[in-house]
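Read through the structure below, which is laid out as structure tokens, and then see the notes.
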Amino acid sequence: MNILVTGGAGFIGSNFIYYMLQKHPQYRIVCIDKLTYAGNLETLRKAMENENFRFFKGDITDRKAVYGLFEEEGFDAVVNFAAESHVDRSIEEPEVFLRTNILGTQVLLDAAKKYGNIRYHQVSTDEVYGDLPLDRPDLFFTEETPIHTSSPYSASKASADLLCMAYYRTYGVPVTISRCSNNYGPYHFPEKLIPLMIINALHKKELPVYGEGLNVRDWLYVEDHCKAIDLILHGGRPGEVYNVGGHNEKTNIEVVKKIISILGRDESLIKYVTDRPGHDMRYAIDPTKITNELGWYPETTFEEGIKKTVDWYLSNKHWWESIVNGEYMNYYERMYSGR
Ligand code: NAD
Ligand code: DAU
């Protein structure tokens, strides 16, 4: 197979590239990435040594560049990770989210349609379902849960999902969608909860917890997500949505305290700060469909995954230090000072 992976210089896309190069050594993987603030070529350094891998710097909204790549490469499949992915940034500045997440998806779908019979997989998110109340632990997101978005980010992802389903029904593009819960693991950009807390705790800096820290996320180790996408790409039914998640719900404060305890820091570092506007309360995935149809289940426990993740950040300081010492400092100031 010759697979186009978009957004592969980011967190999940890069993990997926490494997973696929190892699992299917005969496959060719081409990555297109714009290298926004969240993309990092250093992350793909080892992949570049593999002759079955090619990196192409480009924007998925650039129709000419995308079509050119499809013509040159003759892809069998596309896996679209490329997105603006951070909820807080979408609240600050929604426009780029609409451009990349919706219009970029449309360009890729058009290319899949134009160049014929190309399998298209859209990496979506559980955030398209909105949130669940804390006092109803019996409720979970299923694939039938109505779309009900809260942030400009989730609205843009939901729009992209709807476009994908429209291209399946109207043009017969063989589309699948996965809606996954919160990932964690290596190469996670430092502005997201888990890496931010690890890095701040290492520096003995304040740990900014939004609101009361009681919001719940369903954490999934990134490799388990990559396995799910590989299974869907090969065995998922076109036109179908698959929820991917771990039955691994934790409040934010539990996660932060776990990191503090692994790193031997003091809980006095925790600082409760002004909440995120429109902050979703609880996400929880019911993965029955993907388990029954494709035999997928989350293999890494949170206990195991969070230790592996902290170890990775301890052993790969060069990777995140170059990020947090750059433009990221301005972002951090803007987002957290006086909060
Ligand atoms: P990320 O922000 O770490 O990486 C996004 C990548 O996309 C970056 O490399 C960036 O340079 C690239 N990119 C952005 N705009 C682009 C454009 N216009 N053209 C080409 N490349 C562009 O994101 P992530 O956390 O790895 O998320 C990947 C995908 O998975 C996203 O679609 C996101 O919505 C989805 N998702 C993420 C999570 C999570 O927990 N992180 C969970 C569920 C779904
Ligand atoms: O559910 C899947 C989604 O998970 C993906 O679609 C998104 O791309 C991904 O970024 C993630 O979204 P969240 O908003 O859940 O992730 P984030 O790491 O930004 O925040 C996780 C929780 O932690 C959330 O409840 C907000 C809280 N938080 C976050 C930060 C950065 C804090 O309390 N303090 C912080 O400093």
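Please list, by residue number, everything in region 271-287 whose backbone N is under 13 Å from a paramagnetic label point 7 Å out along Cα→Cβ of Leu214.
281-282
Among all the lysines, which ones have a C-alpha under 18 Å from Lys204's C-alpha, if same-chain residues fewer than 8 places away are not counted?
Within the straight-line limit of under 18 Å, Lys204 reaches these lysines: Lys192, Lys257, Lys258, Lys271, Lys317.
Please list, by residue number, everything in region 298-339 whose backbone N is under 18 Å from a paramagnetic label point 7 Å out along Cα→Cβ of Ser261.
Within reach of a label on Ser261: 301-311.
Arrange the following residues from fewest to most other Cβ atoms within 10 Å of their Cβ: Asp59, Asp33.
With the sparsest Cβ surroundings first, the list reads Asp59, Asp33.
Among Pro174, Pro137, Pro298, whose mean-square fluctuation peaks in a Gaussian network model of the chain (Cα, cutoff 10 Å)?
Looking only at Pro174, Pro137, Pro298, the biggest GNM fluctuation is shown by Pro137.
For a footprinting-style exposure proxy, rank Glu42, Glu191 by other Cβ within 10 Å, fewest first.
In increasing order of surrounding Cβ atoms, one gets Glu42, Glu191.
For Cys180, which sequence-distant residues (separation of 5 or more, or a different chain) have an amide H within less than 5 Å of its own amide H, given hydrogens modelled in the peptide plane?
Ser124, Thr125, Asp126, Val244
Given a Förster radius of 41 Å and the C-beta distance between Tyr37 and Lys307 as r, what FRET efficiency does 1/(1 + (r/R0)^6) yield to the nearest 0.05?
Efficiency for this residue pair is about 0.90.
Among His188, His148, His247, which one shows the highest mean-square fluctuation when the chain is modelled as a Gaussian network with alpha-carbon springs under 10 Å?
Looking only at His188, His148, His247, the largest GNM fluctuation is found for His148.
Mind putting a number on the dipole of the chain about its Cα centre? Charges go on the C-beta only, +1 for Lys and Arg and -1 for Asp and Glu, and I need it in Debye to the nearest 20. Don't skip to the answer; put the middle values down first.
On the way: 37 positive and 47 negative charges, 101 e Å.
That gives the chain a dipole magnitude of about 480 debye.
Running a GNM on the chain with Cα contacts under 10 Å, which residue among Gly68, Gly130, Gly185 ends up with the highest mean-square fluctuation?
Gly68
With the contact rule set at Cα under 8 Å and sequence spacing of 6 or more, what percent relative contact order holds for the chain?
Answer for the chain is 17 percent.
List Leu269, Leu44 from most exposed to least, where exposure is judged by having the fewest other Cβ atoms within 10 Å.
Exposure proxy ranking, most exposed first: Leu269, Leu44.
Go through Thr149, Pro94, Thr105 and say which Cα lies farthest out towards the positive end of the charge dipole of region 51-184; charges sit on Cβ, +1 for Lys and Arg, -1 for Asp and Glu.
Farthest along the dipole direction, towards plus: Thr105.
No value in this document is a laboratory result; all are computed from the given coordinates. Only a predicted model underlies this, so the values are computations on that prediction, with no experimental measurement involved. Please note: Cβ atoms are built from the backbone with ideal geometry, for glycine as well, and neighbour counts cover all protein chains shown.
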